[in-house]
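Each remark here refers to the structure printed beneath this line.
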Amino acid sequence: MSIKLDCEEETQETGVRSHRWFVGPVDQYDRSAAMQFTLLALLGLREHHSLLDIGCGSLRAGRLFIPYLLPGYYCGLEPERWLVEKGLETELGREIARLKQPTFSHDPNFTLTTFHRTFDFLIAQSVFSHATMSQIRRCLSQAREVMTPTSLFAATFRRGDSDYTGDEWVYPGCSTYRLETFAGMAADCGLGCTALTWPHSNGQTWVAIGDPQALSRLPPALCDPAVNTGVAELFAPVFGDSGTLPWETRLSMVRNELLEAIPPGATFALLDEDQWGMGPELAGRRRFHFPERDGHYGGPPADDRAALDELERLQRREATHLVVGWPAYWWLHQYLGLHDQLRSRHRCVLENERLIVFELRG
């Protein structure tokens, strides 16, 4: 089964539907790269090691890994060829690429053996969080083929109370799996799996995958919560006070805050990039997406004028509040006209690192 993302032609041009937007919230682009690089360095990555970056996208992390590693030691797997090309042009630079000689494959079926080599490290950040079970099994099976007894595979997935059983790639939005389910899929491929305490800006769970020999050399502070007690304080300046909390814990906090900020009977629009999974009703408060197309999240507007048009359309629907969730905070930096109008014409009734609530006025 292949990865398939809905990519409109305008996504490949300049503007908000850009190579940065396509791989996640724009305001997390640099933080995500830094956290990936730091994690692998703590796991033992050095310049002479080989690395396979699965789902390398627009080289969000590749722009750090490629200059660091020796020439020819970075490989990237990304089905969207245009993303890699944009990354090479705007994030890395062609001169560095010529010097460091990265190799790329655009295979959509997780064929990791296409590079005809083994790797010391593999990484898949926010790939399994959208994948089906069959896609994860395929990737892990291929990973087994390109790993040695000392290789380490760092990956993230969205941890939940239930397992996604669908057969379609989930985007936008995320698939969830229980930790025991994910570890079981790794075990079926002959690999061990250890949960890591390393934080993730979008609440995903990091795991280390490999043979027992490789997992035995994991730093205790990265896999034992009892040892790594100071992680929340350490990363609070990066992610905010609640940024290192589990995804469901943050969502529970959000729901309680919404009930306090929005009165019963009100109608609110939710801008969360369709990541929170809220239904159309929240304890007597009607919810719809911002923007909304045929009852579904409509994606980022093409430009600032389109964003303002969406706000006007929202007000015509007699919405009383607009809620901006943390996955969409980058909108307030990208759509400056929208941000200015919200701040100047509408009262902000709640603002923290999880959500911003505006009371809409005519």
Problem - Which of LEU338, LEU140 has the fewest Cβ neighbours within 10 Å, and the rest in rising order - result: LEU338, LEU140
Handout entry: Value of [θ]222 nm, deg cm²/dmol, for the chain, DSSP H segments ≥ 4, -39500 (n - 2.57) each, nearest 500
Key = -9500 deg cm²/dmol
Fill in the blank from the handout: Each label sits 7 Å from Cα toward the beta-carbon; between ARG343 and GLU257 the label points are separated, in nm, by 1.8 nm
Handout entry: Potential lengthening between ARG117 and ARG31 on full extension [0.36 nm per residue; Cα-Cα distance subtracted]
Key = 28.0 nm
Problem - Exposure proxy ranking, count of Cβ atoms within 10 Å, fewest first, for VAL84, VAL254, VAL170 - result: VAL170, VAL254, VAL84
Handout entry: Antiparallel DSSP beta bridges within segment 9-239, percent to nearest 5
Key = 35 percent
Completion exercise
Here FRET efficiency (C-beta to C-beta, ARG361 to GLN213, R₀ 41 Å, nearest 0.05) is 0.05
Handout entry: Max mean-square fluctuation residue, GNM over the chain, Cα-Cα springs under 10 Å, options ARG158, ARG31, ARG347
Key = ARG347
Completion exercise
The simple spin-label model distance between THR249 and ARG81, using points 7 Å out along Cα→Cβ, in nm, is 4.5 nm
Practice task
Set the Förster radius R0 to 30 Å, insert the Cβ-Cβ distance between ARG316 and ASN352 as r into 1/(1 + (r/R0)^6), and round the FRET efficiency to 0.05.
Solution key: 0.55
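Bear in mind that the values in this text are calculations on the coordinates, not laboratory data. Please read these numbers as outputs of a predicted model, since none were measured by experiment. In this analysis, Cβ positions are derived from the backbone assuming ideal geometry, glycine residues included, and neighbour counts consider all displayed protein chains.
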